[in-house]
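Here's the structure we're looking at; comments come further down.
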Amino acid sequence: MRAVRRPPAVAPPSWLSADRVLPPLAALTLAAAWGRDLPAAGVVVVAAVLIGAVLVAVRHAEVVAHRVGEPLGSLVLAVAVTVIEVGLIVTLMASGGPQAGTLARDTVFAAVMITLNGIVGLALLMGAARFHVIHFNAEGTGAALATVASLATLSLALPAFTASSPGPVFSGPQLVFAALASLVLYGSFVLNQTGRHRDFFLPVGRDGELAPVSEHAAPPSGRATAESAVLLVVALVAVVGLAKLESPAIERGVAAAGFPLSAVGVVIALVVLLPETLAAVRAARRDRIQISLNLAVGSAMASIGLTIPAIAVASLWLDGPLLLGLGPVQLALLTLTVVVSVLTVVPGRATRLQGGVHLVLLAAFLFLSVQP
């Protein structure tokens, strides 16, 4: 039997590549701008460096993810993105005062809508446009979707209906329970995904069998992985600090456009999830739709399962109430998204129609975010 050759590993970047230069450049920019009142040109420069640092951070997370393999790789990438998201939320809430009490809710909800409708919709559409009918593992994706639905209901829907505290907020004990429940659900899923049932989250072929590993590029070396891990940490720290510097400009821009404050959360989610969206689309065009779904649903899960506990702890020293309960329009969109996602996942295959439906739901969410 003839052995199948593995594609060669990607050559490491040069020392002057953006992947290596941007993390220390972002750290230097943060040190130079910290504590200063930035002029308009400085705000633009910091914004450009911030976006570049986000892109590079996820790129280094992808290198580490490739080294550890699927499905753990998608988990590493999702957690890295969530760390950026939590840092942005906390810094903006700390500088925004009491009026930023809904920022965590708006950002987490935006992340859920963008991942379940935007990333999933783009991946299905791009994959089906090339391969007509795309196949994935309904067991693993269904389990992930059930976890996301439970997390979203416990953390974002229930606060709108509880009676212990006035308004869409949890009481202290309720918030502790929601945070612990989020950690338990997320931890249980991670153990399931990386343990005995990891095959449920690996790419499958058109016959339903696992796709051969030999079709993937060779993983990076240990040295390249360690380098990416260090640069990833540097980039993440820089992103959080630069976000704090940019927070006043983001809020002024949203207000100047006449958009509601909730649009700030949408902007944060769009920036943070852009690199992951590109990674999911690339995987879909290689007929690895399962990896795309792992990234999308895993990011939605991490956004709730890790962000809510982190924000619950941060609320101990942040001013103002922590408003987590969704409004009627948001609840309607979340319910519709969960129902459509279930119908998409159950067959284990999809066409361009399913991708188009998810993208229309994303468009509805974005439109209603600026025109509530």
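Any read-out appearing in this document is the output of simple, stated calculations on the displayed coordinates, not a laboratory observation. As the structure is a computational prediction, the values presented were derived from the model and not from experiment. All Cβ positions, glycine included, derive from the backbone under ideal geometry; neighbour counts span all protein chains shown.
For region 18-370, the residue among Val281, Ala235, Ala143 whose Cα projects farthest onto the positive side of the dipole built from Cβ charges is Val281.
Inter-label distance, Ala257 to Trp317: 3.2 nm, where each label sits 7 Å from its Cα along the C-beta direction.
Summarising the label geometry, the points placed 7 Å from Cα in the beta-carbon direction at Val184 and Gln371 lie 4.4 nm from one another.
Output the relative contact order of region 18-370, whole-number percent, from Cα pairs under 8 angstrom with separation of 6+ residues. Present the calculation step by step, with values, prior to reporting the outcome.
On the way: 542 pairs, mean separation 141.3, N = 353.
It comes to 40 percent, rounded to a whole number.
Calculated FRET efficiency, Val360 to Ser17, Cβ-Cβ distance, R0 = 45 Å: about 0.70 to the nearest 0.05. Amide H contacts of Leu323: Thr102, each under 5 Å away and 5 or more positions distant or on a separate chain (H built 1.01 Å from N in the peptide plane; Pro and chain starts excluded).
I need the peptides 241-248, 83-90 ranked by packing, meaning the mean over residues of other C-beta atoms within 10 angstrom, with the highest value on top.
On the way: 241-248: 21.9, 83-90: 24.6.
With the highest mean Cβ count within 10 Å placed first, the list reads 83-90, 241-248.
So if R0 is 51 Å, what FRET efficiency would Ser164 and Asp37 give, r being the distance between their Cβ atoms, rounded to the nearest 0.05? Provide the component values of the computation, followed by the final result.
Numbers: r = 43 Å, r/R0 = 0.84.
For R0 = 51 Å, the calculated efficiency reads 0.75.
The order of the peptides 354-364, 39-49 by mean Cβ neighbours within 10 Å, most packed first, is 354-364, 39-49.
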